[in-house]
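Below: the structure, in structure tokens.
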Amino acid sequence: MFNVCHSCGLYRADKIIDPSGSGPYAICPDCGHKHPFQQLPLLIVSGASGAGKSSVCQAMLGKLDHIVLLDSDILWRPEFNKPENKYRDFFETWLRIAKNISQAGRPVVLFGAGIGVPENIEPCVERRYFSNVHYLALVCDDEVLAQRLKARPAWRGSSVQAYIDTHVQFNRWFKEQQNGDPPISLIDTTDVSIEITIKQVKTWINERISFSLKTD
Ligand SMILES: [Zn+2]
């Protein structure tokens, strides 16, 4: 287990990252043991409900063998539902899993809604184990988003006006983050077939991975 020091045995998620020399190393803050590890990029694909994220995720699952693609919803449990600490345990858990998967040499691509908000990820203790976190959001026109949500089966509750309003706002928020810090890349799914969107997402993933392997 990565967070348990191989020398002194203490559990520390907050290891000191040393990128120098033959590293990178994760250094135990208690005993100074230097643990070599793979510091890969983490890629996150997000977007408001109705922007196309779930369809793209479903279509791409199991189709790419140079990355590990996962839907962040698979870990969600009621005990993570703690808005008072901004769901921190949920995001820390995902980063810890992604860090451990990355040790096999494949970058992780995570699909999800809240996980695409940098302020949920960047302050996490586990964020330090990634060379970079790249954010992508699928977006579309407000009216198209509302139409897609209204067209869903009633049991999903997404045709309720308050739900639609929330996600229209979320969709607009993503568009404002294109030049944010960190920036969120955008792919517009308005009037675009899912096949085209999938190609665009694959291109975005491959560009980030090849860029990272050259420079990180
Ligand atoms: Zn130690």
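Rule-based calculations on the coordinates, nothing more; no lab input. In this text the structure is predicted, and so the values were computed from the model without any measurement. Positions of Cβ are backbone-derived with ideal geometry, glycine not excepted, and every protein chain shown enters the neighbour counts.
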Give the calculated FRET efficiency between Gln147 and Asn100 to the nearest 0.05, with a Förster radius of 35 Å applied to their Cβ-Cβ distance.
-> 0.30
Check the cysteines of the chain one by one and keep only those with no other cysteine Cβ under 4.7 Å from their own.
-> Cys57, Cys124, Cys140
Given charges at beta-carbon only (K, R positive; D, E negative), |dipole| of segment 76-123 in Debye = 200
When a footprinting reagent is the concern and you count Cβ atoms within 10 Å, what order do Leu69, Leu10, Leu138 take, fewest first?
-> Leu10, Leu69, Leu138
To the nearest 20 debye, segment 45-140 has a Cα-centred charge dipole, built from +1 on Lys and Arg Cβ and -1 on Asp and Glu Cβ, of 160
Assuming a ≥ b ≥ c are the square roots of the Cα gyration tensor eigenvalues, decide whether segment 123-183 counts as rounded (a/c under 1.5), prolate (otherwise, with a/b larger than b/c) or oblate.
-> prolate
Over the chain, the sum of -39500 (n - 2.57) across DSSP H runs of at least four, divided by residue number and rounded to 500 deg cm²/dmol, gives at 222 nm -10500 deg cm²/dmol
Short to long, in 5 Å steps from zero, the percent of alpha-carbon pairs of the chain per bin is 1, 7, 14, 17, 19, 16, 11, 7, 4, 3, 1, 0
If the chain between Asp181 and Asp30 were fully extended at 0.36 nm per residue, the gain over the current Cα-Cα distance would be 51.1 nm
Where both partners of a DSSP beta bridge lie in segment 1-126, what percent of those bridges are antiparallel, to the nearest 5?
-> 45
Can you spot the lysines whose alpha carbon is less than 26 Å from Lys175's alpha carbon? Ignore those fewer than 8 places along the same chain.
-> Lys53, Lys86, Lys150, Lys199, Lys202
Among the trypsin sites (Lys or Arg not before Pro) in segment 20-118, which ones are in a DSSP loop with at most 11 other Cβ atoms within 10 Å of the Cβ? Mind listing them?
-> Lys63
Can you pull the Rg over Rh of segment 56-152, Cα-only, Kirkwood?
-> 0.99
Which of the listed residues, Cys140, Asn171, Ile198, is farthest toward the dipole's positive end in the chain, when Lys, Arg count +1 and Asp, Glu count -1 at the beta-carbon?
-> Ile198
Efficiency of FRET between Asn132 and Asp14 - r from beta-carbon atoms, R0 25 angstrom, step 0.05 | 0.80
Could you work out which residue, out of Glu79, Glu126, Glu176, moves most in a Gaussian network model of the chain, that is, has the largest mean-square fluctuation with Cα springs under 10 Å?
-> Glu79
Charge dipole (debye, nearest 20) of the chain; +1 at Cβ of Lys and Arg, -1 at Cβ of Asp and Glu | 460
Which ordering of Cys31, Cys57 is given by a fewest-first count of other beta-carbon atoms within 10 Å?
-> Cys31, Cys57
Hey, fewest Cβ within 10 Å first, where do His134, His66 land in order?
-> His66, His134
With a Förster distance of 30 angstrom and the Cβ-Cβ distance between Val68 and Gln161, calculated FRET efficiency to the nearest 0.05 equals 0.20
Centre separation in Å (Cα based) which lies between segment 150-214 and segment 68-103 = 20
Work out the P(r) tail for segment 137-216: percent of alpha carbon pairs separated by more than 18 Å, whole number.
-> 54
